[in-house]
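Colleague: Here it is, the structure in full.
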Amino acid sequence: MKWILFFGALIGSGICDRETFSGHQVFRINVRNGDEISKLNRLVNSDNLKLDLWKSPSAVGHPADVLVPSFSLREVKSFLEDHGLEYLVAVEDLQTVLDNEDQQMQHNVRQELSSNCFNYGAYHTLEAIHNEMDNIVKCYPHLASTVEIGHSFENRSMYVLKFSTGEGRQRPAIWLNAGIHAREWISPATAIWTAKKIACDYGKDQAITSILKKMDIFLLPVANPDGYVYTHTHNRLWRKTRSINPGTTCIGTDPNRNWDSKFGEVGASDNPCSEIYHGAHPNSEMEVKSVADFIKNHGKFKCFIDLHNYGQLVMYPYGYTTEKAQDADELDMVAKNTAKALASLSGTQFRVGPIATGIYRASGNTVDWAYDNGIKYAFTFELRDTGHYAFTLPADQIIPTAQETWLGLKTIMEYVQDNI
């Protein structure tokens, strides 16, 4: 019955309410010097154009990706050409890409209905992910359990999978975080695959068996449940939470700017309409507060890994400053080994560095908060790809992405196990 209700919800009235992106294009813009970065920032910050900066130019030589609405195409092209900024059209019509994605999801739902089997190579709704979490617990009751750590703004449960052989003892732990930005669908998809991998490989794979004999693993597949649901029902490219901001019609906060680590400083906005709005105060978002409180109350977390896309990066603190973290040399060494592991399966190349220089300066983020709260081994992964598909990575890349990510995760977790 759950599957029938889920299928009905997928093809029901919510589909009709979705925001469309017909004629919208994604521009990849090259910047060759500081002056061109300034020009690009001026363009992106033009409110009337309604541009969405998908990827900032982290440094000269690294391009920016910008979603340009159909009504702004002529003006944006004119600006770029008049100012000598090189660009190419990476996506000709975003709605065509999203329609294809939706057709694949509906096809997968029909297949899962007929087979009664969860397809890890497909994207799923929040309900389907939660159902599969329950299924993992049922299949591996002596290893896996579900922990409800809180609720979202719209009162959705925040469920974490706990993997432990500690028989209830409070042991050193690892936190795997996914889906904090709603539109980054490959993150929850990779996380739920990882959950099944941990459960299946315990007792068979020496590395994960050794880790779980000493430590617990907590995995949160969807850290922003309201936003994730909204990407399925209304706006595929929604990024933020869905909380109400008093005094404005603009909804939501960027949950990766809302943590109590240099809150409200560089790389965050005090404008509620901004995609990087930091919120009214640290931990204003129930989703962020739930995770932060759980981790602090537990008191024994040694590692925090946050999965995002896109860009193919392995990063560590800090995001709020370009000054080196105290453990930067060690973290850089671990990150480089992780990048090698990530590349070992399919040759996917990952860049390594601090957040501030890897992508951009950003205050109030998860990894800085974890590090500043005594969790030394704090990392962010930006998963596939480098921008060709961006947030709309095809479903046929889910399992290859998850498989290589697993090798990277194991590299970090093994190192943590040996160094706590």
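Colleague: Would you say Ser164 is touching a Pro at 6+ places or on another chain (Cβ under 8 Å) and either modelled with pLDDT of 95 or more or of a type in the set (Ser, Thr, Tyr) (or both)?
Modeller: Spelling it out, it is not the case that Ser164 is touching a Pro at 6+ places or on another chain (Cβ under 8 Å) and either modelled with pLDDT of 95 or more or of a type in the set (Ser, Thr, Tyr) (or both).
Colleague: Out of the helices (runs of 4 or more DSSP H) lying entirely within segment 308-420, which hold 2 or more residues that are basic (Lys, Arg), open to solvent by 20 Å² or more (accessible area, probe 1.4 Å) and modelled with pLDDT of 95 or more? Before you say what the answer is, go through the steps one by one.
Modeller: On the way: elements: 328-346, 355-358, 366-372, 398-418.
Here the list reads 328-346.
Colleague: Right, next: Do you know which residues across segment 187-228 are closer than 27 Å to Leu313 by Cβ and among the β-branched types (Val, Ile, Thr)?
Modeller: Selection gives Thr190, Ile192, Thr194, Ile198, Ile208, Ile211, Ile217, Val222.
Colleague: In addition: Is it fair to say Ser284 is farther than 22 Å from Gln417 by Cα, small (Gly, Ala, Ser) and open to solvent by less than 30 Å² (accessible area, probe 1.4 Å)? I'd like the intermediate steps shown before the answer.
Modeller: On the way: farther than 22 Å from Gln417 by Cα: yes; small (Gly, Ala, Ser): yes; open to solvent by less than 30 Å² (accessible area, probe 1.4 Å): no.
Judged against the criteria, Ser284 is not a match.
Colleague: Out of curiosity, is Ala182 within 24 Å of Phe381 (Cα to Cα), in contact with a Lys or Arg (Cβ under 7 Å, 6 or more places away or on another chain) and crowded, with 23+ Cβ neighbours inside 10 Å? Outline the logic, then answer.
Modeller: Values: within 24 Å of Phe381 (Cα to Cα): yes; in contact with a Lys or Arg (Cβ under 7 Å, 6 or more places away or on another chain): yes; crowded, with 23+ Cβ neighbours inside 10 Å: yes.
Considered against the rule, which asks whether it is within 24 Å of Phe381 (Cα to Cα), in contact with a Lys or Arg (Cβ under 7 Å, 6 or more places away or on another chain) and crowded, with 23+ Cβ neighbours inside 10 Å, Ala182 comes out as yes.
The values are calculated or read from the model by the stated rules, or taken from the named source; none is laboratory data. The structure presented is a predicted model; accordingly, all values stated were derived computationally and were not measured. So basically every Cβ, Gly included, is an ideal-geometry build from the backbone, and we count neighbours across all protein chains shown. The accessibility values were calculated without ligands, DNA or RNA, using every heavy atom of the protein model including side chains. Shrake-Rupley method; radii C 1.70, N 1.55, O 1.52, S 1.80 Å.
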